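Here's the structure, in structure tokens; my notes come after.
The values are calculated or read from the model by the stated rules, or taken from the named source; none is laboratory data. Computed from a prediction, not measured in an experiment: that's the story for all the values here. Positions of Cβ are generated from backbone atoms using ideal geometry, with glycine treated the same way; all protein chains shown enter the neighbour counts. The accessibility values were calculated without ligands, DNA or RNA, using every heavy atom of the protein model including side chains. Shrake-Rupley method; radii C 1.70, N 1.55, O 1.52, S 1.80 Å.
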Amino acid sequence: MTALRGRLEQQVDMARHVSWHAGGVAKQAYWPADVEDLQQFVQQLPKAEPLLFVGNGSNLLVRKAGFDGTVVFTGRLQQITLERAAPAAGFRQVFAEAGVSATALTRFAAENGLSGMEFIAGIPGTVGACVAQNSGCFGSETWDCVAKVLMLNRRGELIQRSPAEFEIGYRRIEPLIEVGEWFVGAWFDLREGDGSVAQRTVAEFIAKRRDSQPLDVPNAGRAFRNPEDNFAARLIQLSGMAGARIGGAEVSERHPNFIVNRNAASADDIEQLMELVANRVQEKFGVQLLCDVRIVGSKH
């Protein structure tokens, strides 16, 4: 069997690898050198081994009890290319591996005179996370532009799948296929146009995020999905929860849909504060806020 070229570590403190700077310990973690190396690594794992794929850790909370499995960090999967094939007149296709940052994808597209993905500029996640969670903003979603995706299964095989093989919804993707596959790349259909306009739009979206979000303190982006015909931040503000704290976790007053790590918050502090906010909004408005953060690990 081919020797592995990535890095394997045991007992990995996930607080060092998520944007909240809080959380438990993972049994082990692997940083693959590239997709081929990742294929080799997955083939060597026990079939029942729990697997967690992580990009920048910007939308993830690992509970205090930790993750009893293997974390795969995709940060070195950085290939991004302009494909020769065009899906239709006036379009070009871009391929990006899972570890490419959302902002890097939008900048690459703009530099090549392509547009359509500007809305994810400034999102702290990676292509893998954006595809897995159907990330979006400003009225658009990632899968609006997805042509096909590259998946990896437990046998280490790569499979290309089309959007028709998934149920695509608001901030969620449900496979209509076998479980045990992970996103390692995606192809995006983007419009040809004026690259300078796209570059200005990318800069504007990044500036909007910087001006409206508490980016100076550890956070994981928006804590809750927006309810239909409403905004989670508005409901949280009207419920009187802006500025509320549990331990070192705080509801941001700058953007109430952000839970920030104000002072050495634990994963328990953060999760309990999210539950308190959701309960308060439910009591006051009868609206159930759905968590927009991935929470893994046992509560005990």
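Among the residues of segment 20-32, those that are assigned to a loop (DSSP other than H, G, I, E, B), open to solvent by less than 20 Å² (accessible area, probe 1.4 Å) and closer than 20 Å to A132 by Cβ comprise W20, P32.
In this structure, G125 qualifies as of a type in the set (G, A, S), open to solvent by less than 10 Å² (accessible area, probe 1.4 Å), within 30 Å of D229 (Cα to Cα) and out of contact with any strand residue (DSSP E or B) (no Cβ under 7 Å at 6 or more places or on another chain).
Restricting attention to segment 133-174, the residues that are within 17 Å of the chain's Cα centre (by Cα) and part of a strand (DSSP E or B) total 13. Of the residues making up segment 1-19, those that are in a strand (DSSP E or B) and open to solvent by 100 Å² or more (accessible area, probe 1.4 Å) are R7, Q10, Q11.
Can we say F67 is farther than 30 Å from I270 by Cα and at pLDDT 95 or above? In short, no. Taken over segment 72-112, residues that are crowded, with 17+ Cβ neighbours inside 10 Å and among the polar types (S, T, N, Q) amount to 5.
Summed over segment 141-189, residues that are open to solvent by less than 60 Å² (accessible area, probe 1.4 Å) and of a type in the set (A, V, I, L, M) total 11. Figure legend. Inter-residue proximity from segment 60-87: first residues over 17 Å from W31 (Cβ atoms), second residues part of a strand (DSSP E or B) and among the basic types (K, R), beta-carbon distance below 8 Å, spacing 6+ or different chains. Indicated pairs: L61/R294; G66/K27; D68/K27; L82/R92; E83/R92; A86/R92.
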